[in-house]
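Everything on this sheet refers to the single structure shown next.
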Amino acid sequence: MALRDVQLRTSLEAEHGLFLAEGEKVVRRAIAAGYRPRSFLMAQRWVDALSDVLAAAGDVPVYVAPEPVIEGVTGFHVHRGALASLHRRPLPPVEDVLAAAARVVVLEDLVDHTNVGAIFRCAAALGWDAVLLGPRCADPLYRRAVKVSMGTVFSVPYTRVEEWYDAPGALAAAGFETLALTPADDAVDLADVAPAERTALLVGGEGHGLSARWMAAADRRVRIPMEAGVDSLNVAAATAVACYALRYPR
């Protein structure tokens, strides 16, 4: 039942180097991306559907139980009846991620797992190359983030930037133009922005937005004009709009 506790889950998973994938498609995508399974827990009806994955996993334990029992063990409703516990991999250096990318989403202080997962999904769908995470961002491999992303957290390269204060300089040194997404009236309309060959979209936390340090360090501030009395979009929706508008250099 403690699996309902986000902080406890996060600390336990990080301590033991594990994460959970839920549902057939997500489990398959995790395995295909090279994550090594530790164990499986599923309802009987998924044993045949995942038979190829289970066979390829070799002697990895497979626990089969009725869905009410699984829910009782985990403390939550297991969507689509299949769970896999997988081993995490070391995150790559920031320099390696940037060297292979031309379009990067940079997230500062996004603590909501749903928004982080949704942003990974839009980055993958719109052809962005990588995601950089600030030290306090939610874990992309947390169960909810993985589920909302539809497993794209396994295919979009990402890493966590611990030296956050120095990160604007690292982006500039790698040749990226940095665009800070903000609802401020004096920012440039996204429709009028011609993105550079290498672009980093800076996105701040829900409510408070980007820090003053990152806002000041950005090459340009960009905005999505609002109508009908709406002041802003949800951070994941705004990021999707910006990723679409900036996906190709002009």
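Key figures
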quantity	calculated
Criterion (more than 10 Å from the chain's Cα centre (by Cα) and buried (at least 22 other Cβ atoms within 10 Å of the Cβ)) met by exactly one of Arg144, Arg103, Arg89	Arg103
Residue satisfying all of: in region 234-246; closer than 17 Å to Asp189 by Cβ and not hydrophobic (A, V, I, L, M, F, W, C); surrounded by the fewest Cβ atoms within 10 Å (Cβ to Cβ) among these	Tyr244
Failed criterion for Thr74 (all others in (1) open to solvent by 10 Å² or more (accessible area, probe 1.4 Å); (2) in contact with a helix residue (DSSP H, G or I) (Cβ under 8 Å, 6 or more places away or on another chain); (3) modelled with pLDDT under 95; (4) polar (S, T, N, Q) hold)	(1)
Output for region 210-233, where each listed residue is within 15 Å of Gly134 (Cβ to Cβ) and open to solvent by 80 Å² or more (accessible area, probe 1.4 Å)	Ala212, Arg213
Met226 being out of contact with any helix residue (DSSP H, G or I) (no Cβ under 9 Å at 6 or more places or on another chain) and outside any loop (DSSP other than H, G, I, E, B)	no
Output for region 216-236, where each listed residue is in contact (Cβ under 8 Å) with a residue 12 or more places away in the chain and either within 13 Å of Leu126 (Cβ to Cβ) or not charged (D, E, K, R) (or both)	Ala217, Ala218, Val222, Ile224, Pro225, Met226, Ser232, Asn234, Val235, Ala236
Strands (runs of 3 or more DSSP E) wholly inside region 150-209 that include at least 2 residues being out of contact with any Ser or Thr (no Cβ under 6 Å at 6 or more places or on another chain), open to solvent by less than 40 Å² (accessible area, probe 1.4 Å) and within 15 Å of Ala242 (Cα to Cα)	177-181, 199-203
Breaking point among (1) touching a strand residue (DSSP E or B) at 6+ places or on another chain (Cβ under 8 Å); (2) among the small types (Gly, Ala, Ser); (3) buried (at least 20 other Cβ atoms within 10 Å of the Cβ); (4) farther than 30 Å from Gln44 by Cβ, for Gly127	(3)
Qualifying residue in region 29-38 (condition: loosely packed, with under 14 Cβ neighbours inside 10 Å, in contact with a strand residue (DSSP E or B) (Cβ under 8 Å, 6 or more places away or on another chain) and modelled with pLDDT under 80)	no
Residue identified as at negative phi and in contact with a Ser or Thr (Cβ under 8 Å, 6 or more places away or on another chain) among Ala82, Ala101, Ala33	Ala33
For Arg121: the one exception among (1) among the charged types (D, E, K, R); (2) at positive phi; (3) without any contact (Cβ under 8 Å) to a residue 40 or more places away in the chain	(2)
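The values are calculated or read from the model by the stated rules, or taken from the named source; none is laboratory data. Since the model is a prediction, treat every value here as computed from it, not as a measurement. Because the Cβ atoms are built from the backbone with ideal geometry, glycine has one as well, and the counts that use them run over all protein chains shown. Heavy atoms of the whole protein, side chains included, go into the accessibility calculation; ligands, DNA and RNA do not. Shrake-Rupley method; radii C 1.70, N 1.55, O 1.52, S 1.80 Å.
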